[in-house]
Amino acid sequence: MQRVFVWLLLALSLDAQAGEKLRVGVDSWIGNSAAIVARDKGLFTKEDLAVEMFTFSGPTGTLQPLIAGQLDVAFATLHNVALMAGKGQDNLVAIYLLDTSNGADAVVSSREIDSTAQLKGRKVAVTLDSARHMLLLAALAQGNLAAEDIQLVNLSAADAGGALLAGSVDAAVTSEPWIARVKAKGGNVLFTSANAPNLMLNAIIVSKNTLKTKGPELAKLLRGIDAGHKLLASRPAEARPVIAKWLKVKPAEVDAMLAGVRLYGMADNRVLFGNQEQPGPAYGSMARIVAFVTARSLTTRPVEAKTLLAPALVGD
């Protein structure tokens, strides 16, 4: 009942504020920092754009309101977009890449295991069918192993880290602060998202109809976020308190959090998307994600990876 009440309040709030604003759903993830800096530093206003942001606990939460028309824009992972497409919601496209995990997620192990090859026959905790599951498969491949060579234990990232420290599993796929806690207890970091570039990508998602009808507003949104990216890169001391306030952490913690991701600006997006004659690495990443969700039988219909990317506004 409480969840229904919250959704009703959100729907009423969104409908009441529709106007000329772009309604944007974001989750509390460090990779969204450029957009938060842009909002709080008035960079959208400089583009003559009103942006209303709504914060969700995770990237999955932004997509249902987007599909329902309660949001114009959602920040979400490419993994979740592929999942939605595979279940019939093929109206969603990624128009801009915000960031990739670059060490923020990792396969960690007990002290006696110091290579991925040594995971054979071991219990490994991971959130099944998630992007971290993809990371685990990449780590296993490095050790010439397959999923069948280990004992998978389905746990959330936090529970996986806790299970490893408790000794109930031999390894875990998790994120901070669990990576640091495992290291402090003498455990090992076997493989991180930095070893699998652009496997875990976060993007700006819109419906095809919104892209068609609100292209100019979306182009302003992207320019504002790019300006936030540049401000963060050139004046980090100014941007850090903004990010800390949003994430409810200390400013000193922000640098460590940013070290685990790679934020992308407009110039990066041009490289990642490439062009029609020579598509960039984003298409390979999307194809890999689609192959994963298909192989895991998470889809009910075929998905064509390239149709989920729409970089027409990159560079506008």
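The values are calculated or read from the model by the stated rules, or taken from the named source; none is laboratory data. Since the model is a prediction, treat every value here as computed from it, not as a measurement. As a convention, Cβ positions derive from the backbone with ideal geometry for all residues, glycine included, and neighbour counts pool all protein chains shown.
Tabulated data for the structure shown
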read-out	value
Residue count, region 259-297 (criterion: free of Cβ contacts under 8 Å to residues at least 24 places away in the same chain, in a loop (DSSP other than H, G, I, E, B) and either crowded, with 17+ Cβ neighbours inside 10 Å or small (Gly, Ala, Ser) (or both))	2
Complete set of residues in region 170-203 that are buried (at least 17 other Cβ atoms within 10 Å of the Cβ), under 22 Å from the mean Cα position of the chain (by Cα) and assigned to a loop (DSSP other than H, G, I, E, B)	176, 196, 198, 199, 200
Matching residues in region 115-135 - criterion: being on the phi > 0 side of the Ramachandran plot and surrounded by 15 or more Cβ atoms within 10 Å (Cβ to Cβ)	129
Among the candidates 231, 218, residue that is in contact (Cβ under 8 Å) with a residue 24 or more places away in the chain, part of a helix (DSSP H, G or I) and buried (at least 21 other Cβ atoms within 10 Å of the Cβ)	218
Number of the exception - residue 117 against (1) closer than 25 Å to residue 29 by Cα; (2) outside any strand (DSSP E or B); (3) not assigned by TED's automatic domain parsing to the domain that holds residue 292	(1)
Residue 160 being assigned to a strand (DSSP E or B) and in contact with a Ser or Thr (Cβ under 9 Å, 6 or more places away or on another chain)	no
Scan of region 65-93 for residues that are of a type in the set (A, V, I, L, M, F, W, C) and touching a Pro at 6+ places or on another chain (Cβ under 8 Å), ordered by number	71, 74, 75, 76
Any hit, region 123-131, residues being within 30 Å of residue 211 (Cβ to Cβ), assigned to a loop (DSSP other than H, G, I, E, B) and small (Gly, Ala, Ser)	yes
Unmet requirement for residue 300, which otherwise passes all of (1) assigned to a helix (DSSP H, G or I); (2) surrounded by fewer than 15 Cβ atoms within 10 Å (Cβ to Cβ)	(1)
Hits in region 220-258 - residues which are at pLDDT below 95, more than 18 Å from residue 27 (Cα to Cα) and under 18 Å from the mean Cα position of the chain (by Cα)	256
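Listed here are the residues, each with its yes/no results for (1) of a type in the set (A, V, I, L, M, F, W, C); (2) at pLDDT 95 or above.
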{"position": "262", "(1), (2)": "no, yes"}
{"position": "268", "(1), (2)": "no, yes"}
{"position": "278", "(1), (2)": "no, no"}
{"position": "291", "(1), (2)": "yes, yes"}
{"position": "308", "(1), (2)": "yes, yes"}
